[in-house]
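Have a look at the structure below, then the notes.
The values are calculated or read from the model by the stated rules, or taken from the named source; none is laboratory data. This structure is a prediction, so every number in the text was calculated from the model and none was measured. All Cβ positions, even for glycine, are placed from backbone atoms using ideal geometry, and neighbour counts span all protein chains on display.
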Amino acid sequence: MLVFLIRRLSQSLVVLLVMSFLVFVGVFAIGDPVELLVSPDADQFERARVIRDLGLDRPLWEQYGVFLLQSLKGDLGNSFVFNQPALQLILERMPATLELAFAAVIIAIVIGIPLGMVAGLRPHAWYSRMIMSVSILGFSLPTFWVGLMMIMLFAVMLGWLPASGRGETVDLLGVPVSFLSEDGLRHLLLPAINLALFKVSLVIRLTRAGMRENMLMDYVKFAYAKGLSHGRVIFVHVLKNILVPIVTVVGLELGNVIAFAVVTESIFAWPGMGKLLIDSIYRLDRPIVVAYLMITVLMFILINLIVDILYSVLDPRVRIADVKS
Amino acid sequence: MSSTVETALPNAPVIADEPIPPPQTPFRRFVSDFLESKLAVLGLIVFAITLVIAVLAPWISPQNPYDLQQLDIMNGKLPPGAMDMDETMTFLLGTDDQGRDLLSGIFYGLRISLFVGVASAFISLLIGGALGLFSAYAGGRWDSFLMRVVDLQLSFPAILIALILLAVLGQGIDKVIVALVVTQWAYYARTVRGSALVERGKEYIEAAHCLALGTRRIIFRHLFPNCLPPLIVVVTMRIAYAIMLEATLSFLGIGLPITEPSLGLLIATGFEYMLSGYYWISFFPGVALLVTIVSINLVGDHMRDILNPRLQR
């Protein structure tokens, strides 16, 4: 296990370095920050001074080194617009995004696994076919459009739920969250369902495939032969086995959900970091874009790492195979 | 693929009054399997119709929605089925804020959305497919390097990569295609490499080597055609995804510029008026987008089932 951990950790570090370099080159080297900072009628000396002050006259690898050192200290630059540290601005908005993402993943699991199990147990029944057809629809529905239609139906026409914002928040361990107050929960519902839609289909398909595959296996026959009840075979033996791939994929998808929250947040005006990213792209607020990217990259690498470790705990074959190779 | 050849050999004893079945080529078999699913056929028909509409948009639209002389702001935000001021033209699906006929807007939008989706899918197919073939054929260090890059890229969501690229590059139809290609090539590379590795170990490739055929000939005439079945499925599904991604990016306002109004942009325009109850400006373009994507996915989903050797009946 230790060898496995060390190997995975060092891989993650390499990926982090590579990605930070790409982000740095991508966002800083393309386009000229001097154009933004210096007034057009500044003379040559003025420009040269700004370039020197920003360190833009030094070679690329040196600039990157400075950037890397600063980011290790947690300094990703100041926002041009808010004139506050970019990192702080993003971290302030992170709980809102994470809350939305977790709510969506929970909805996807709670709806997806039972439906997938039903569809996998009786693949040819009419209701299983219906579940599968609906799941194709779930894959095909453009998230942002569904969001708009939900606003139209539930907020404008029926007036049941609010269309935007986060509502009243309650502090939980110093972090403001929406799901503890009734008003917040009402605000959370529409965006969370919107974000969950795509994932529900995914979970249904995974569960169904796992069910179909596992029901034919010898251990299931053995369990039945032992005289175990139908419920026990399915909910204890089979469920345990199909959970492994589902945990992996849902874990990996968490990152995807956070990225897609950009869309949902812009529609429902949810004050998370995705909305901040879109606003900053409009305002050419480069430090925020960089900080957002670095944080998401870090988050992705952490998620991948955790999923890998979980996976190796759940399925020892993976761990052994990796150490042997 | 090769297993189908055996069933095509007509050397079984034939009973006299039964007509001799035509030799079943893999293609014919594919077509007859495909026709089995009514849903998939429906999907194909609907997709063909959207394609025809997209190609013929300038000739079949009731109005050129981007010729400012034909627009009248007085016709703005009319509900579906309303007549224009001079009572000469009916707006079947209503008008947007500029007095533009929505039906015509959707036809033109489909044209742009489909073009971006199909073009980006084929460019990524060319790049990803070539890299995948090369990776499988070269093997060794190149292979593991390329696949590391693919893994790395696929561990980041497409929308994030596209967002960042467009934030750096700016708006424009060519830039959107570049961003979509960058996010998609890895899927093709992985698919082609996977099936090329399997096919490479098969006897017909060995036979081709024994005949001393050139490497290029083996790769393109023998290896590549046999990697096609899984690739066709990936291409269909990816076209649908590319269309959706483009619509999302345009909706967020960082995809196509206002001069290239795709379906996503039409929906974004309607968003502003949605809260005032003018639902149709976003609703109908969204339905068009949905119908297009669903029809492609229905076709792709069924093709995956019939081309999957593990599910071969």
Return the only residue of A:Ser312, A:Ser325 being crowded, with 20+ Cβ neighbours inside 10 Å, over 17 Å from the mean Cα position of the chain (by Cα) and either over 16 Å from A:Leu2 (Cα atoms) or modelled with pLDDT under 80 (or both).
A:Ser312
Please indicate, with yes or no, whether at least one residue in region A:289-307 is more than 9 Å from chain B (Cβ to nearest Cβ), in contact with a Gly (Cβ under 7 Å, 6 or more places away or on another chain), within 23 Å of A:Ile6 (Cα to Cα) and modelled with pLDDT under 80.
yes
Does A:Asn83 count as in contact with a Pro (Cβ under 9 Å, 6 or more places away or on another chain) and not hydroxyl-bearing (Ser, Thr, Tyr)?
no
Please determine, by comparing only the residues of region B:209-218 that are assigned to a helix (DSSP H, G or I) and surrounded by fewer than 18 Cβ atoms within 10 Å (Cβ to Cβ), which one is modelled with the highest pLDDT.
B:Cys210
Could you say whether any residue in region B:59-66 is surrounded by fewer than 22 Cβ atoms within 10 Å (Cβ to Cβ) and at pLDDT 80 or above?
yes
The listed residue being at pLDDT below 75, surrounded by 14 or more Cβ atoms within 10 Å (Cβ to Cβ) and over 22 Å from the mean Cα position of the chain (by Cα), out of A:Leu5, A:Leu37:
A:Leu37
Could you tell me whether A:Val50 is modelled with pLDDT under 75, in contact with a Lys or Arg (Cβ under 6 Å, 6 or more places away or on another chain) and not aromatic (Phe, Trp, Tyr)?
no
A:Ile151 meets each of (1) over 27 Å from B:Met237 (Cβ atoms); (2) among the hydrophobic types (A, V, I, L, M, F, W, C); (3) away from every other protein chain (no Cβ under 12 Å) with one exception, condition (3)
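Residues are listed down the side, and each one gets a yes or a no for (1) buried (at least 23 other Cβ atoms within 10 Å of the Cβ); (2) at pLDDT below 85; (3) more than 13 Å from A:Ile113 (Cβ to Cβ):
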residue	(1), (2), (3)
A:Arg186	no, yes, yes
A:Pro191	yes, no, yes
A:Leu195	yes, no, yes
A:Ser201	yes, no, no
A:Arg205	no, no, no
A:Arg208	yes, no, no
A:Met217	no, yes, yes
A:Phe222	no, no, yes
A:Ala225	no, no, yes
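When only residues in region B:254-280 that are in a helix (DSSP H, G or I) and within 10 Å of chain A (Cβ to nearest Cβ) count, which is modelled with the lowest pLDDT?
B:Met274
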Identify, please: which residue in region B:140-192 is more than 10 Å from every other protein chain (Cβ to nearest Cβ) and not in a helix (DSSP H, G or I) and is, among those, surrounded by the most Cβ atoms within 10 Å (Cβ to Cβ)?
B:Gln171
For A:Leu158: the one exception among (1) under 30 Å from B:Leu298 (Cβ atoms); (2) within 14 Å of chain B (Cβ to nearest Cβ); (3) out of contact with any helix residue (DSSP H, G or I) (no Cβ under 6 Å at 6 or more places or on another chain):
(1)
Residues that are within 16 Å of A:Phe102 (Cβ to Cβ): which helices (runs of 4 or more DSSP H) entirely in region A:174-271 hold 2 or more of them?
A:182-215, A:239-268
Going residue by residue through region A:115-123, is there one that turns out to be surrounded by fewer than 18 Cβ atoms within 10 Å (Cβ to Cβ), at pLDDT below 85, within 14 Å of chain B (Cβ to nearest Cβ) and more than 30 Å from A:Lys275 (Cβ to Cβ)?
yes
Being polar (S, T, N, Q) and either closer than 21 Å to B:Gly170 by Cβ or in contact (Cβ under 8 Å) with a residue 40 or more places away in the chain (or both) is the filter here; which residues of region B:231-278 pass it?
B:Thr236, B:Thr248, B:Ser250, B:Thr259, B:Ser262, B:Thr269
B:Gly194 versus (1) farther than 28 Å from A:Gly255 by Cβ; (2) modelled with pLDDT of 85 or more: which is the lone unmet condition?
(1)
One residue from B:Phe283, B:Phe251 being outside any loop (DSSP other than H, G, I, E, B) and surrounded by fewer than 22 Cβ atoms within 10 Å (Cβ to Cβ):
B:Phe283
Select from region A:264-283 the residues that are surrounded by fewer than 24 Cβ atoms within 10 Å (Cβ to Cβ) and facing chain B (nearest Cβ under 10 Å) and list them in ascending order.
A:Ser266, A:Ile278, A:Ile281, A:Tyr282
Looking at region B:281-311, which of its residues are of a type in the set (Asp, Glu) and facing another protein chain (nearest Cβ under 8 Å)?
B:Asp301
Looking only at region A:258-275, count how many residues are more than 17 Å from A:Ala196 (Cα to Cα) and touching a Phe, Trp or Tyr at 6+ places or on another chain (Cβ under 7 Å).
1
Among B:Leu228, B:Leu197, which is the only one that is farther than 30 Å from A:Ser201 by Cα and more than 12 Å from every other protein chain (Cβ to nearest Cβ)?
B:Leu197
Yes or no: B:Arg111 basic (Lys, Arg) and within 11 Å of chain A (Cβ to nearest Cβ)?
no
For region A:77-124, how many residues are part of a helix (DSSP H, G or I), over 17 Å from the mean Cα position of the chain (by Cα) and in contact (Cβ under 8 Å) with a residue 12 or more places away in the chain?
13
Which condition breaks for B:Met237 when tested against (1) outside any helix (DSSP H, G or I); (2) surrounded by fewer than 22 Cβ atoms within 10 Å (Cβ to Cβ); (3) within 14 Å of chain A (Cβ to nearest Cβ)?
(1)
